Amino acid sequence: MLRTEGDRRSKLPVLPSSLRAQSKMPSWSLRQASAPGSSRYQGGFPINKSLLVENLHGESLIAQRMVYDAIKHYGGILNVPVDGKMLLSVSAARSKYRHYLGKKLQQEKDAKKTREEKRKIANEIGKLKEEKRLETMELEEVEEKRNENFFITKNLKETIKSPRKVTCVFSVTYASILLAVLVDPLCALNAIDDCVVQMVRETLVNPAFMPSTSQGIEKIFKLKQVGVGCENSQCVYLVLADLITVKRVCDQINAEIAHNRNNVYHLIVVPCSLVSIEQLLEEEGIYGEVTVHTFAWEMHHIETNLLSLELPCMFRMLFADGDYSFLPVVAHSLWSLQMLFGKFPLFLAYGRFAVQVQKMQELLLEESSGVEKCASEIGCVVLVDRDIDYASILLTPVTYSALLDEVFGITGGTIELDERVLGANKTLTYKLSKNDEVYDNIKNKHFSDVYSFLSAKTKELQVEFEHSSKMALNEMKQYVSTQLQKVTASKRALAYHIGACEVVIGEMGQSFETRHTVEQNMLDGRNRRENINYVEEHLAIAGKLASLRLMCLASLTQDGLTQDEALSFKSQFLHAYGYEHLATFNNLEKIGLFTQQGSTLSLAGLGSDAAGKLADRVAQVVSLPKRSAFQAVAHKLKLFPNVNDKYDLRNPKDMAYVFSGSYIPAVCQLVQMLIKQELSADEILKLIPGPSSRTGSVSNGVVPQTFLVYYIGGVTYAEVAAFHLLEKQTGVKILVAGTSLTNGNKLIESALG
């Protein structure tokens, strides 16, 4: 007779309690082993994977052996006696199983916690070792970086021993930076014996800086994705230390190697060499095919008392991407100045990056000898992060040089004049320097005063032309040999600047007054609703850069936008310019320029969401008397001057003239306090919230006669003009330096996704 599965389970014997007590295996294991619901069939036989693992444990093997011995002792499974203790034990098997699982789970948690603690300790040890290794490497590279230009020339000379042709390739993304420094790296190539560098005329390089054929330079290629088609046996790449650019170089070199071209490749990296670049070359399989050089990058003289590292990418790297790779370059530039002029007696640092750079340059000084003995010509250094005064970069400036930078864009001290100035589809790269007397006289003037100067200069040249037409022959010869070239250059420069002024008026004149009023209201915290409406109405008309600048200024001056305002700005901007700009708003939030304020009102009887929405509505309609954090700091620093009808923008008395009397740049005001000694250095450091530090000191009552103000993230031409006025008023020399020369449009462009 066939038995059902239930009948077979009911007849199964149970071990005596005495035998079960000797086994560590719970009695539920027998039931689990025979439960058909817990198994699956493979090849006709039930197999339970969990049991396959469980049965291999030591406790399971011992228990199975004891069960086998007990059954054998009673002469078969049917002869095993079933008593009350065994039945009670079986009924309690479930609770024992739960206790077993709980104990096992707790053991696993304890083991996991122990592993995590060990991992954290190991990671901390690894980080400390890595930091120590990096510091050691940086210190070892200090001496090498001081003479890096010499090593480039020497290595290239040793490599290139016979007369060959050389192709020089520059990065397109970096070509604008080379405008001010092109001659220096090419001097290294010029030292190569009997070499010819081919040059293509389709280049962004300024012809004014183009080396002559006597230097062995004939052609320069721009770095493009399609490659340059190198026809020479040697190829030199000069690129920014950027992984994307270096990857493009690797692709070109691999393509050349694939065509069996046995060329010699040199890669000159600016401003510093990174370990990640060497790793990339190794991953691409060309580490042994390319000789890597580092070009020693220093600050460049743009104009009188103005220096720049010309690294416009640095703002995004630091404030948006969190990449600190180029901070040692800033520290090295300060170290180089101290090697030339002596150790700075007083060093003030504002901002987290400034404090880090200060520590780096101190480490560099410790490795140098003899610097402390020199009496420095620079009495005080003020190193600041760009983010301590975003208002100065977002506001619309009104000085001539700043407006040129806004409309045309000044790069490396040069400006690209297009058909708007020259007409007939012509372009010209024009150098702005002290050699241009017209620009040197009007660069820091309020724009309303520029046309009067240009008009007077035009009349002066006209009078001189009429006088020259009446000269005798001898006088004419003298005039031609001494004055004619100068007058011709002045006439040409005058025509360029008049044309540039007309373009500036055409670009800025229509909405400038209204925009200035809106910016003034934002600074003062007035007419919030009207300001928001203006931004929304002009969002599609003003362009994406101008619109984002006003949004960021509104967020900055009001401690963030309300939830409704931020959502409205985002939705309208994305509809107008595309949803790819979601990354733009994310970058602006990282930088701290587009933030949302929390709910400041708490209403009884309403949920937090409803209270927050009502607070947004109230904030949009009612101007609350409470000052924002921005306005509190601005009033503490006295950044809002007293403007009345007698305020003369053409003959300014304070530095607020660079923004038509609405705002004094914060860093300029700090330097003015240091010069006038209104507060001590430590008290001035506390005026702006955030990290700061001071090293050194000056004697009481002694004002340093030379200041160096260094911006990490870029300095604007408006701030340079403000410092120029402060120089004239106090008689103190002020050197202005930065990682780049920037403006509001460039700042917003760096955040575009």
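The values are calculated or read from the model by the stated rules, or taken from the named source; none is laboratory data. These figures come from a predicted structure and were not determined experimentally. Note that we place each Cβ from the backbone using ideal geometry, even for glycine, and neighbour counts take in every protein chain shown. Side chains are part of the model used for accessible areas, which takes the heavy atoms of the whole protein and leaves out ligands, DNA and RNA. Shrake-Rupley method; radii C 1.70, N 1.55, O 1.52, S 1.80 Å.
Key figures
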{"item": "Evaluation of Thr514 against (1) exposed (fewer than 15 other Cβ atoms within 10 Å of the Cβ); (2) β-branched (Val, Ile, Thr); (3) within 19 Å of Asp449 (Cβ to Cβ) (one fails), failing number", "result": "(3)"}
{"item": "Answer residue from the stretch 404-440, given it is within 21 Å of Lys486 (Cα to Cα) and among the basic types (Lys, Arg) and is surrounded by the most Cβ atoms within 10 Å (Cβ to Cβ) among those", "result": "Lys431"}
{"item": "Pairs with Cβ under 7 Å, 6+ apart, first in the stretch 457-475 and hydroxyl-bearing (Ser, Thr, Tyr), second surrounded by 12 or more Cβ atoms within 10 Å (Cβ to Cβ) and part of a helix (DSSP H, G or I)", "result": "Thr458/Leu494; Ser468/Tyr479"}
{"item": "Complete set of residues in the stretch 539-555 that are surrounded by fewer than 22 Cβ atoms within 10 Å (Cβ to Cβ) and closer than 20 Å to Ile393 by Cβ", "result": "Ala542, Gly543, Lys544, Leu545, Ala546"}
{"item": "Subset of the stretch 441-470 [open to solvent by 40 Å² or more (accessible area, probe 1.4 Å) and over 30 Å from Val658 (Cα atoms)]", "result": "Gln462, Val463, Glu464, Phe465, Glu466, His467, Ser469, Lys470"}
{"item": "Counted residues, the stretch 556-579 - those being open to solvent by less than 10 Å² (accessible area, probe 1.4 Å) and on the phi < 0 side of the Ramachandran plot", "result": "7"}
{"item": "Failed item in (1) under 18 Å from the mean Cα position of the chain (by Cα); (2) buried (at least 24 other Cβ atoms within 10 Å of the Cβ), with Leu395 passing the rest", "result": "(1)"}
{"item": "Helices (runs of 4 or more DSSP H) lying entirely in the stretch 638-753 (those with 2 or more residues that are open to solvent by less than 20 Å² (accessible area, probe 1.4 Å) and within 28 Å of Ala546 (Cα to Cα))", "result": "666-676, 717-730, 744-751"}
{"item": "Residues of the stretch 239-284 that turn out to be at pLDDT below 90, outside any helix (DSSP H, G or I) and charged (D, E, K, R), as a count", "result": "2"}
{"item": "Residue check, Leu473 of a type outside the set (S, T, N, Q) and more than 36 Å from the chain's Cα centre (by Cα)", "result": "yes"}
{"item": "Evaluation of Ile378 against (1) assigned to a helix (DSSP H, G or I); (2) open to solvent by less than 20 Å² (accessible area, probe 1.4 Å) (one fails), failing number", "result": "(1)"}
{"item": "Any pair with Cβ under 9 angstrom, 6 or more apart, that starts in the stretch 263-282 at a residue that is farther than 18 Å from Phe326 by Cα and among the polar types (S, T, N, Q) and ends at one that is open to solvent by 10 Å² or more (accessible area, probe 1.4 Å) and in a helix (DSSP H, G or I)", "result": "Asn263/Glu256; Asn263/Ile257"}
{"item": "Candidate set: the stretch 674-695, residues that are in contact (Cβ under 8 Å) with a residue 12 or more places away in the chain and among the hydrophobic types (A, V, I, L, M, F, W, C); chosen: the one farthest from Thr514 (Cα to Cα)", "result": "Ala681"}
{"item": "Pair list, Cβ < 8 Å and 6+ apart or interchain, from the stretch 288-300 residues that are closer than 20 Å to Glu310 by Cα to residues that are part of a loop (DSSP other than H, G, I, E, B) and of a type in the set (Val, Ile, Thr)", "result": "His300/Val181"}
{"item": "Residue in the stretch 240-260 that is hydroxyl-bearing (Ser, Thr, Tyr), under 30 Å from Phe594 (Cβ atoms) and touching a Gly at 6+ places or on another chain (Cβ under 7 Å) present", "result": "no"}
{"item": "Scope the stretch 471-481; condition loosely packed, with under 10 Cβ neighbours inside 10 Å and part of a helix (DSSP H, G or I); matching residues", "result": "Leu473, Asn474, Ser481"}
{"item": "Qualifying residue in the stretch 653-668 (condition: touching a residue at least 60 places away in the same chain (Cβ under 8 Å) and within 20 Å of Phe344 (Cα to Cα))", "result": "yes"}
